[in-house]
Each structure stands twice: as structure tokens, then as C-alpha cells.
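Everything below concerns the one structure shown next.
The values are calculated or read from the model by the stated rules, or taken from the named source; none is laboratory data. Keep in mind the model is a prediction, meaning the values are calculated, not measured. Cβ placement follows ideal geometry from the backbone for every residue including glycine, while neighbour counts extend to all protein chains displayed. For the accessible areas, the whole protein counts, side chains as well, though only heavy atoms, and no ligand, DNA or RNA atoms are used. Shrake-Rupley method; radii C 1.70, N 1.55, O 1.52, S 1.80 Å.
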Amino acid sequence: MDLTTLYSVADKTVLITGGVGGIGRMLSAAFAAAGARVWITGRKADALAEAVAVMSADGAFVRGIVADLGTVEGVACIVAELTAAEQRLDVLVNNAGQTWGAPLQDFPAKAWAPVMAVNVQAPFMLVQGLLPLLEAAASDESPARIINIGSIYAVTTEVMKAYSYTASKAAVHQLTRVMAHDLAPRRILCNAIAPGLFPSKMTSFALKNDVAREALLKTIPLGRVGTAEDIAGLTMFLASRAGSYITGAIIPIDGGILIAH
Ligand SMILES: NC(=O)c1ccc[n+]([C@@H]2O[C@H](COP(=O)([O-])OP(=O)(O)OC[C@H]3O[C@@H](n4cnc5c(N)ncnc54)[C@H](OP(=O)(O)O)[C@@H]3O)[C@@H](O)[C@H]2O)c1
């Protein structure tokens, strides 16, 4: 057993959707620093260029693709650009996600389609479009990986009035299991990570002041929010040789929130 490379992701080609900010940025920076060839996506060209420049400053391979995952054209653009540039895709991280919060009575019809499109349809269609590249990277000894970012808010009932979001993340979890089943014969693993509370634009409203933050921290048995090391550690494990025999798993990373509910 070669323990020196068991957890390595060096030289793997990795696509991380929504890599400009939040959890996606945490993951992109970690994979880049670990020697992977990292592709990230974002909607805004300026912000994407800034992220690529920062993460590749010390020689790491980081490239960006501008695309809106809420549209079929955006997904197709990512597939086309990556297919033109790479021979294989070792790891696809479906991270980009949207939420929408409103009280039950006021929750608008327009809060459904965009959330389902970005959170559920786009990951599915990316897998469809990128299957040739994933298959090119897949073997018995070294399966390709799909890592979907789900949520513990797919499982709990305290979902901060984000009705379409909680339903979309439950769909992500189920899609993960179905894809794991369907793609196992092709030696492509599919797992989901279900984060609890990590600081990002999406959660800034909940952590906006000391009072709100303290109240939320009380719901987390470990008493703190997640960090870049926490989320990168689990994701890189799933992407590495150490994660070769895990598929169809939904893995919470939540400081114990689920055991308290
Ligand atoms: N933070 C948490 O506590 C937490 C908990 C559970 C699950 N999650 C999940 O973690 C993932 C990352 O979220 P985050 O917390 O890091 O939030 P965030 O900072 O708001 O990031 C969301 C990401 O999704 C991308 N995105 C949103 N709509 C898009 C669209 N139409 N097309 C393309 N990209 C789009 C954004 O890209 P742009 O650069 O284009 O804006 C951004 O990179 C999401 O799937 C979220 O559901 C987060």
C-alpha cells in the first residue's frame, strides 16, 4: 500500500461548478494547491478572472469558463469548452447552487424553476454531457468521480423557509444514488456531500450579526461553522484513491447538526 499517494489528487483533472466564491472557492483553491488541473465556472467574467488569477498565481493550473447553469445553453457551453480542452475528467464537483427564502404563504411560483434548474437539472445534464470525458478517466483501479453538493437541509425540517431549495437538495441526494447505481458498471463513482453551515454568500443572512450567529451556533453540537479545511478534506478524500470504494453515499459534514435533530 502506497500511503504517500493514497489521499493525493495531484494531476487529476477536476471541474468545480461555482468555483468563484463560497464553498466552491474553498474547494477550487484546495485542489489547485494540491496539484490538480482545476476548471471552475462562474456567471460573471470579471469575478471569474479574478478568482483564476489569484488561485493560479503560484503556478497552479486553474482555468475558468463563464456560464449560467440555469440555462441549457450554459451547460452546453461548459461541456463544449471542457471537451475541446481536455482528454479526460477525473472529478466533477457539482457545487453551484441557488436558494430562495420566503414564508409559506408568500412563497412565489417563480422561486421554483431557477432553483430546480441550477441545483438539479444542471448537475444531471453536466453528467450527461461530460460522460465521454469521465469514462476516459475511469478504470477498475481508479474510477472517475462525481461529487454532488447536497445539503443537510434536504433531511431536516428546519429549512429557513427555503421550500424549493430543500426539495431540490433532496432531489440531488436521490439523483446521486440513482447515478451511482447506473454508472458503477462504467467505473464512475457518484457521492453527495451534505454540508451543514459554512460561511458563504448563501448563508450570510443567517450569520449577519452576533445575535443571529450565536443562536445558530447553539444548534451545532460542535459549536462552530464549517471551514475550508473541513469541506476540502472530505471532498479531496472522495476524489482520491482512498475514496475508490465509496459510491452512492450521502455524507453529512455538519458539526453534528443532524444528530441533534
Ligand atoms: N454554505 C452552506 O452552509 C451550505 C450548506 C449546505 C449546502 N450548501 C451548498 O453548497 C453549494 C455552494 O453554496 P455556497 O454556500 O458556497 O453559496 P454561494 O457562495 O452563494 O455560492 C453559490 C455558487 O453557485 C453559483 N451559482 C448560483 N447560481 C448559478 C447559476 N445560475 N449559474 C451558474 N452558477 C450559479 C454561484 O456562482 P456565481 O459566481 O456565478 O455567482 C456561486 O459560485 C450550493 O450547492 C449550496 O446549496 C451550502
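Consider the stretch 218-240 and keep the residues that are more than 23 Å from R25 (Cα to Cα) and either touching a Lys or Arg at 6+ places or on another chain (Cβ under 6 Å) or surrounded by 15 or more Cβ atoms within 10 Å (Cβ to Cβ) (or both). The one that is modelled with the highest pLDDT is I220.
Among the residues of the stretch 148-166, is there at least one that is assigned to a helix (DSSP H, G or I), over 28 Å from A34 (Cα atoms), within 15 Å of the chain's Cα centre (by Cα) and not hydroxyl-bearing (S, T, Y)? Yes, some residue in the stretch 148-166 is assigned to a helix (DSSP H, G or I), over 28 Å from A34 (Cα atoms), within 15 Å of the chain's Cα centre (by Cα) and not hydroxyl-bearing (S, T, Y).
Mind listing whichever residues of the stretch 187-246 are more than 18 Å from I23 (Cβ to Cβ), of a type in the set (A, V, I, L, M) and not in a loop (DSSP other than H, G, I, E, B)? Across the stretch 187-246, the qualifying residues are I188, L189, V211, A212, A215, L217, A242. Just to be sure, is L197 out of contact with any strand residue (DSSP E or B) (no Cβ under 8 Å at 6 or more places or on another chain) and within 16 Å of the ligand (Cβ to nearest atom)? So L197 passes the test. Restricting to the stretch 16-36, name every residue that is surrounded by fewer than 22 Cβ atoms within 10 Å (Cβ to Cβ) and more than 7 Å from the ligand (Cβ to nearest atom). Passing the criteria: R25, A29, A30, A33, A34, G35. In the stretch 135-152 there is no residue matching the filter, namely being open to solvent by 20 Å² or more (accessible area, probe 1.4 Å), free of Cβ contacts under 8 Å to residues at least 12 places away in the same chain and not charged (D, E, K, R).
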